[in-house]
Amino acid sequence: MNNLKGKHIVLGICGGIAAYKSVSLLRLLVKAGAEVQVVITPAGKEFITPVTLSALSQKPVVSEFFTANTGQWNSHVDLGLWADCMVIAPATASTIGKMAHGIADNMLVTTYLSAKSQVFVAPAMDLDMMAHPSTTANLELLRNYGNIIIEPESGELASGLVGKGRMEEPEKIFEVLDRFFSSKRDLEGKKVLITAGPTHEKIDPVRFIGNHSSGKMGYALAEECAARGAEVTIVSGPVSVKAANPAIRVVPVESAREMLAACEEVFPHVDIAIMCAAVADYAPRDVYDHKIKREHIDAPVIHLVKNPDIAATLGKSKREGQLLIGFALETDNEFGNAEEKLARKNLDMIVLNSMRDKGACFGTDTNKVSIIRADGTTLDFGLKSKREVAADIIDAVLSL
Ligand code: PMT
């Protein structure tokens, strides 16, 4: 495993006790043959000296907009263009907030704002700061901007308290970066259709039947496929996540019927289709054209009718060489139900996730899946970030 040789990496370091771990990360990257440019915040220099960092990276450390003694201007734009990826480790609550809101008052944030490549953010802070709604919201914004958050671990913190906030270990961050470069272009020339998010089935102009799907799993799959060189179309139900990679085309839809129509248009032209959407199985038979008023109707009855099964419909028209992948969201008899869906929908592979697993399925940034292939072979994975799960799924698709 060495995909980092010759890669240009900007390592951003903020002012936190975990800055000492950045030294190990820097050593691992340099040892792997990467060219690393360290950018450190003024607070970062209180924790780790630029001398140590420049000795290890063999490059002057950048911190200020101007080099004090020469007056030379350090161009954040050049650095942003030079980087094949940027990793900010540790990322403090303050820097995460500045990145989320474009407060460009130091070299690290200006470099981040001009970075054209993938940015990885490894937060490190005290558990209460980590759990604060402002940190959670800022991290969510960063995710929506397409950054990859390397989740902190739970454990003993510098304050002596125990909880979530320890920066991920340098070896793990190194692995994430190595994997990012390894997976790059093995879907070059392939076209992929992905369904994502929930569907909303209208009851009246203001109400609908829906579910808790956030779209995170589907969009993570789309980002992974695009990063590997595929041309990706997401047919997406209503979600707040956004696609970061410009190679991803998003077709927004609302209902299952709209999703089916969009998929039927795209499916004949793709090599791989991955059905990740949580499609409502039923829709109201009649849609009120005005808001149902409680003053007028005491106990409205909503008659439901079955929605079309999108995966099964595509399964019927699947041509030779096309791969159709489904998901199974289960609460019980997980493998039995998944195997039944795999066969009934004419899928080549099904990704099983269970509501019984903590941290899996709806809304979370993590998932835990098993993959069942049509030949009956099975792969089981532990709890991982949805982007890592997406990588495992694509590896399995490519093995078919
Ligand atoms: O969006 P997130 O918050 O990240 O959550 C991710 C997820 C839990 C939604 C995702 O991992 C997942 O499990 N998606 C499939 C949800 C689902 O509807 O599963 P199912 O077992 O009911 O459906 C089986 C398969 O048939 C799925 O591929 C589904 O997309 C497809 N289907 C289902 C019903 C229908 N009418 N048409 C379909 O195409």
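The values are calculated or read from the model by the stated rules, or taken from the named source; none is laboratory data. All values derive from a computational prediction rather than experimental measurement. Here Cβ is always computed from backbone atoms with ideal geometry, including for glycine, and neighbour counts include all displayed protein chains.
Observations on the model:
- The condition of being among the aliphatic types (A, V, I, L, M), without any contact (Cβ under 8 Å) to a residue 40 or more places away in the chain and either touching a Pro at 6+ places or on another chain (Cβ under 8 Å) or within 17 Å of LEU342 (Cβ to Cβ) (or both) holds for ALA311.
- Scanning segment 254-283 for residues that are more than 11 Å from the ligand (Cβ to nearest atom), among the β-branched types (Val, Ile, Thr) and within 21 Å of LEU342 (Cα to Cα) yields VAL270, ILE272.
- Taken over segment 102-149, residues that are farther than 15 Å from VAL77 by Cβ, within 18 Å of the chain's Cα centre (by Cα) and of a type in the set (D, E, K, R) amount to 2.
- Note on segment 224-279: residues that are in a helix (DSSP H, G or I) and within 17 Å of the chain's Cα centre (by Cα) amount to 4.
- Matching residues in segment 48-67 - criterion: being outside any loop (DSSP other than H, G, I, E, B) and of a type in the set (S, T, N, Q): THR52, SER54, SER57
- Single unsatisfied condition, ILE274 versus (1) hydrophobic (A, V, I, L, M, F, W, C); (2) buried (at least 20 other Cβ atoms within 10 Å of the Cβ); (3) touching a Pro at 6+ places or on another chain (Cβ under 7 Å): (3)
- Among residues of segment 68-108, those that are part of a loop (DSSP other than H, G, I, E, B) and surrounded by fewer than 20 Cβ atoms within 10 Å (Cβ to Cβ), counted: 12
- Residue check for THR111: surrounded by fewer than 23 Cβ atoms within 10 Å (Cβ to Cβ) and either among the hydroxyl-bearing types (Ser, Thr, Tyr) or in a loop (DSSP other than H, G, I, E, B) (or both): no
- Checking VAL176 against (1) away from the ligand (no atom under 14 Å from the Cβ); (2) over 16 Å from the mean Cα position of the chain (by Cα), the condition it does not meet: (2)
- Taking the criterion of being modelled with pLDDT under 90 and in contact with a Leu (Cβ under 7 Å, 6 or more places away or on another chain), the only residue of segment 229-276 that qualifies is GLY229.
- Flag if TYR219 is within 14 Å of the ligand (Cβ to nearest atom), aromatic (Phe, Trp, Tyr) and more than 27 Å from the chain's Cα centre (by Cα): no
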